[in-house]
Amino acid sequence: MELLKKAGDFHGDICGGIVMGTKLAIYGMETMGMTPGEKDKRLIVFTEIDRCISDAILSVTRTSIGKKSLKPVGYGKFAATFVNIDTEEAIRVVDLGANKKDTGNKEEETIEELIERIANTPAEDLFRIQKVSVKIDANDLPGKPLEIVTCTGCGEVVMDGKHHLRGGNAYCTSCFSESYYELITE
Ligand SMILES: [Zn+2]
Ligand SMILES: [Zn+2]
């Protein structure tokens, strides 16, 4: 309940996604033998969607993008993978409810009723756990940067081995292939 409140504070409000994300993250950490709500240096979490549940997962697991322990991957799915980088054990936790088409009359359920229902439902009934194997590049692990290069095209710094080589020169992704932005020249 305290973890749910914290996740709600971080997110801005306690919505359905925060309720489910909190339960998912607690289940994931407990299955990994870790303590929900406490930072664990062995833990790296991949979240598959940039919606509410991921804020709860971030809050409960105490992982962060800046510490390289939270990896958002844009699959658009209500699921997250928990990796122990010491043992290489990994599990993927899938939200079964969010992945079910027929949600019945849950739209009439208030947030208080949802919190109550989820608290009284075993996690095994809400989520599916899959054992998985995750290969994490050394550049993507927490710790000091291993590779820092300067792009031959734009002169900007590229960290963590995210550069590309062409003709023996290093390029950033924007210069090498495609970019999410376009420069506007006037
Ligand atoms: Zn929300
Ligand atoms: Zn560049």
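The values are calculated or read from the model by the stated rules, or taken from the named source; none is laboratory data. Everything numeric in this text was worked out from a predicted model, so none of it was measured. Because the Cβ atoms are built from the backbone with ideal geometry, glycine has one as well, and the counts that use them run over all protein chains shown. What goes into the accessible areas is simple: the full protein's heavy atoms, side chains included, and nothing from ligands, DNA or RNA. Shrake-Rupley method; radii C 1.70, N 1.55, O 1.52, S 1.80 Å.
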| task | Of the conditions (1) surrounded by fewer than 21 Cβ atoms within 10 Å (Cβ to Cβ); (2) touching a helix residue (DSSP H, G or I) at 6+ places or on another chain (Cβ under 7 Å), S59 clears all except one; give me its number. | result | (1)
| message | Given the criteria touching a residue at least 12 places away in the same chain (Cβ under 8 Å), open to solvent by 60 Å² or more (accessible area, probe 1.4 Å) and under 28 Å from M29 (Cβ atoms), does S133 qualify? | response | yes
| Pairs where the first residue, in the stretch 40-52, is on the phi > 0 side of the Ramachandran plot and within 16 Å of ligand 1 (Cβ to nearest atom) and the second is of a type in the set (V, I, T) and modelled with pLDDT under 95, C-beta under 8 Å, 6+ apart | none
| Filtered residues of the stretch 153-169 (kept if within 23 Å of I136 (Cβ to Cβ) and out of contact with any Phe, Trp or Tyr (no Cβ under 9 Å at 6 or more places or on another chain)) | V157, M159, D160, G161, K162
| remark: Those residues of the stretch 82-133 which are at pLDDT 95 or above, within 17 Å of the chain's Cα centre (by Cα) and small (G, A, S) amount to A90, S133
| Flag for E182 being touching a residue at least 12 places away in the same chain (Cβ under 8 Å) and open to solvent by 100 Å² or more (accessible area, probe 1.4 Å) | no
| query | Which pairs do you get when a residue that is in contact (Cβ under 8 Å) with a residue 24 or more places away in the chain, found in the stretch 151-172, comes within reach of a residue that is more than 10 Å from ligand 2 (Cβ to nearest atom), reach meaning Cβ atoms under 8 angstrom, with the pair 6+ apart or on two chains? | reply | G161/D137; G161/N139; G161/L146; G161/E147
| query | Quick check: anything in the stretch 71-80 open to solvent by less than 30 Å² (accessible area, probe 1.4 Å), away from ligand 1 (no atom under 16 Å from the Cβ) and out of contact with any Gly (no Cβ under 7 Å at 6 or more places or on another chain)? | reply | yes
| request: Can you confirm whether the stretch 115-130 contains a residue that is without any contact (Cβ under 8 Å) to a residue 24 or more places away in the chain, under 19 Å from G8 (Cα atoms) and of a type in the set (D, E, K, R)? | output: yes
| query | Can you name every residue in the stretch 139-158 that is within 13 Å of ligand 2 (Cβ to nearest atom) and hydrophobic (A, V, I, L, M, F, W, C)? | reply | V149, C151, C154, V157, V158
| For the subset of the stretch 5-53 comprising residues that are buried (at least 24 other Cβ atoms within 10 Å of the Cβ) and polar (S, T, N, Q), which member is nearest to D140 (Cα to Cα)? | T47
